[in-house]
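S.K.: Structure provided below as structure tokens; questions to follow.
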Amino acid sequence: MGLTIHLQFSGGMELLFNNEKEKTVTLPDTFTPALATLKDLLPWMRDNLLSERAELFMQGDTVRPGILVLINDADWELEGELEYVLKDDDTIVFISTLHGG
Amino acid sequence: MGLTIHLQFSGGMELLFNNEKEKTVTLPDTFTPALATLKDLLPWMRDNLLSERAELFMQGDTVRPGILVLINDADWELEGELEYVLKDDDTIVFISTLHGG
Amino acid sequence: EWTHKESLDNDEISRFSRQLLMREIGVQGQLKLRNTTVLVVGAGGLGAPAVMYLAAAGIGRLGIVDYDPVEASNLQRQIVHDETRVGMMKAESAKATVNRLSSFCDCIAYNTLIESSNAMDIIRPWDIVVDATDNVATRYLLNDACVLAGKPLVSGSALRMDGQLTVYNHAGGPCYRCIFPAPPPPETVTNCSDGGVLGVVPGIIGCLQALEVIKIASGLGTSFSQKMLLFDATSGAFRTIKLRGQSPTCAICGKNPTITDLIDYVQFCGAAPTDKTPAQTL
Amino acid sequence: EWTHKESLDNDEISRFSRQLLMREIGVQGQLKLRNTTVLVVGAGGLGAPAVMYLAAAGIGRLGIVDYDPVEASNLQRQIVHDETRVGMMKAESAKATVNRLSSFCDCIAYNTLIESSNAMDIIRPWDIVVDATDNVATRYLLNDACVLAGKPLVSGSALRMDGQLTVYNHAGGPCYRCIFPAPPPPETVTNCSDGGVLGVVPGIIGCLQALEVIKIASGLGTSFSQKMLLFDATSGAFRTIKLRGQSPTCAICGKNPTITDLIDYVQFCGAAPTDKTPAQTL
Ligand SMILES: [Zn+2]
Ligand SMILES: [Zn+2]
């Protein structure tokens, strides 16, 4: 069995992902435990889960500006960002920041 | 070592307990693991932690009306109330219900 | 004469465009808001933002019950009133603010102390009741009247830096008596006159009450049946706790209710429905 | 001429009695509120409850910046205005409401578009700044001006059923640019005119902004430096997340800042400071 990852979407990010706020995915065997990183997860999400245009989610090999990423409830900047090594049962949250009032 | 219990106070209950919102206590050996219940904990709290008059906390052998008790985040009524058997590392929350507006 | 509408007119479509744009509300949800009647009991710290946001959102008919006049010391939190209204009845003052804010809301003021003799008549015409009161006796009265009349009760409370929110008697969930079969001893009850309150704390809870009403009215459903939201303003922490379910032995909503008509709530609680009686501090 | 006070007078003691009773505020905290000056930028959905609760709580001097006139479609959420104010400048309308609510608040309206040429002059006299704006360009402008002037920035935002709150540039925490060094692509930004918003959602966030201002001003301290509160109105869920700290490489608050004067924010963001420009929906 591959890695199981819990994905959550907030602040409108869910509109890019079939309007689902939570989704638990089992990653294919190409994601090697102890090696696969967030850098691998993002294009997999883009190709397998995204229901809107890719540029609303990614820019280059990372998320586009204005998206906050949390790894197990902490800002991903504290966890190594793209280099973070995925662990089974991780929760990754994607938050679109809001600008309205 | 005795049982360790995390106590939390909310809604003004903290005013009865030295104005502390959280307190972790280690219970004495008279609290036998797998036997001691909430019915034992309440008078111990009254005698060892309470800083105000006892009738503001207890009525008979239970909490006075208007106090909600949570055991590990669930209403204690779902957990057996006074008969609940204490487990190491339990979190017990006492909430004074509010009536103002 | 206020009646249900079959569709929104052009003025309503323009006024509520920001809600019509949302898939969660849309035209059908907005029409449901227009056709829902809401009674807010208490035009104080909780009722102030609740009536304003309910009227603003397009609730078609809004009742406001209060028997107190506006006092200057209320204005630290009761933003539906203002200095020109000191001495006016709170229900009238709140209605005047609602009328300025929206001509799409039919607002009715009850300048009345709600009590056992009149509560059923006051509550019966309304779809949803908001408990924005400030004392134990009126909270039991409203609960029992809502159970007897079959209305959901969106209940909020606040004191000092703390707030609480829940929805009673809705969607199979518990009523106030299911959770609190006995009233608190009067000497353990603190009101805002004695304990104080930071004005924006009931403001936040009153806004959340308006939100839950809007969710029930528009068909989104409430998040707080059999759940209670606790807010600690000092730490900025919100916490949702799961409450027990509806009790088969509840004296008012159980299988064999012992209360089938409203009772004497002052006697039951040992305290009168006023925020002004000196009480001992918790 | 507004000046600092050494003590509260009898009228203030009577008016703010519910806060004086609280150990968290008391006489000293209330006096600090009286001597604190707060600038609210934006008199829209967030600013509406923020200015009312700040004035009600006893903030001594309140500035309100907005350049738009009140429109009928604003009244679904902007409860500081009303139908009699349609066409009036929002800052003037909000000031009129504050003046009715409290004679203890010295309120100043700026009927001005805040931009790089005037932002430093507008911000410099104030102790705390509230970001209640509705667009990306003004959010970067306010952040940079607050860093350059050394002011805490209490930032809120809302769209549809979602709200966010944080405090930037305070107590060693990060600024907006520390978290978001690059602006979002314009085509990913949705404003309330395009995406819609349930009115009470900015109401709740605006109340929480007022609360954090009051906590900073009274000495209680904020709960949201280097933290962000997320609110999902559909589920009633609040969540607090921990943000990265202040960045040594931040272009404005870092060790070697590359931005030492306000820049061209329209060019930087690729979008103008208006909620009205049609933009693609996210
Ligand atoms: Zn019941
Ligand atoms: Zn920075």
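What follows draws every value from the coordinates through simple rules; no lab data is involved. Model, not experiment: these values are computed from the prediction. A quick note on method: Cβ atoms are made from the backbone with ideal geometry, for glycine too, and the neighbour counts reach across all protein chains shown.
S.K.: Over all residues in D:208-215, what is the mean tally of Cβ atoms on other chains that come within 10 Å of each residue's Cβ?
M.R.: Average neighbour count from other chains, rounded to a whole number: 5.
S.K.: On to the next question. Given only helices, namely DSSP H runs of n ≥ 4 each adding -39500 (n - 2.57), what is the per-residue ellipticity at 222 nm of chain A, to the nearest 500 deg cm²/dmol?
M.R.: My calculation for chain A gives -3500 deg cm²/dmol from helical runs alone.
S.K.: How tilted is helix A:38-48 with respect to the longest principal axis of chain A? Cα atoms for both, answer in degrees (0 to 90, nearest 10).
M.R.: Here the helix axis deviates by roughly 70 degrees.
S.K.: Any idea which of B:LEU16, B:ALA74, B:TYR84 is furthest toward the positive side of the dipole for segment B:4-96, if Lys and Arg beta-carbons carry +1 and Asp and Glu beta-carbons -1?
M.R.: B:LEU16
S.K.: Which residue is it, in chain A, that holds its beta carbon closest to the axis of the A-onto-B rotation, and how many whole angstrom away?
M.R.: Taking Cβ atoms only, the nearest residue and its distance are A:ASP73, 8.
S.K.: Which percent of Cα pairs goes in each bin when the distances of segment B:4-96 are cut into 5 angstrom slices starting at zero?
M.R.: 3, 14, 28, 29, 20, 6, 0
S.K.: Also, quick follow-up: Hey, can you rank D:18-24, A:74-80, D:51-57 by average C-beta count inside 10 Å, highest first?
M.R.: D:51-57, D:18-24, A:74-80
S.K.: What do the square roots of 5 times the Cα gyration tensor eigenvalues come to for the protein assembly as shown, in whole Å, largest first, as semi-axes of the equivalent ellipsoid?
M.R.: 39, 33, 27
S.K.: Next up: Which whole-Hz couplings ³J(HN,Hα) result when phi for each residue of segment A:5-16 is put into the Karplus expression 6.51 cos²θ - 1.76 cosθ + 1.60, θ = phi - 60°, listed in order with x for Gly and Pro?
M.R.: Karplus values, whole Hz, x for Gly and Pro: 10, 9, 9, 10, 10, 9, x, x, 4, 4, 5, 7.
S.K.: Please give the average number of partner chain Cβ atoms lying within 10 Å of the Cβ of each residue in D:180-186, rounded to a whole number.
M.R.: 4
S.K.: I need the peptides D:197-203, B:89-95, C:259-265, C:223-229 ranked by packing, meaning the mean over residues of other C-beta atoms within 10 angstrom, with the highest value on top.
M.R.: D:197-203, C:223-229, B:89-95, C:259-265
S.K.: Assume the label is 7 Å from Cα along Cα to beta carbon: what separations in nm does B:LYS23 have to the matching positions in the other copies?
M.R.: 4.9
S.K.: Where q = 0.15, 0.18, 0.20 Å⁻¹, what log10 of I(q)/I(0) comes from the Debye formula for segment C:123-274, counting one point per Cα?
M.R.: -0.79, -1.15, -1.39
S.K.: Looking at this model, which pairs from C:LYS227/D:LYS242; A:LYS87/D:LYS242; D:LYS32/D:LYS90; A:LYS39/B:LYS21 are more than 30 angstrom apart at the alpha-carbon?
M.R.: Those over the limit are A:LYS39/B:LYS21.
S.K.: Report, as an integer, the average count of C-beta atoms from other chains found within 10 Å of each Cβ along C:69-77.
M.R.: Taking the mean over all residues of the peptide, I get 5.
S.K.: When we measure straight from the Cα of C:LYS215, which aspartates and glutamates land under 15 angstrom away, once same-chain ones fewer than 8 places off are left out?
M.R.: Here the aspartates and glutamates satisfying the reach criterion relative to C:LYS215 are C:GLU24, C:ASP127, D:ASP162, D:ASP232.
S.K.: On to the next question. What does the convex hull of the Cα atoms of chain C come to per residue, in Å³, rounded to a whole number?
M.R.: It comes to 132 Å³ per residue, whole-number rounded.
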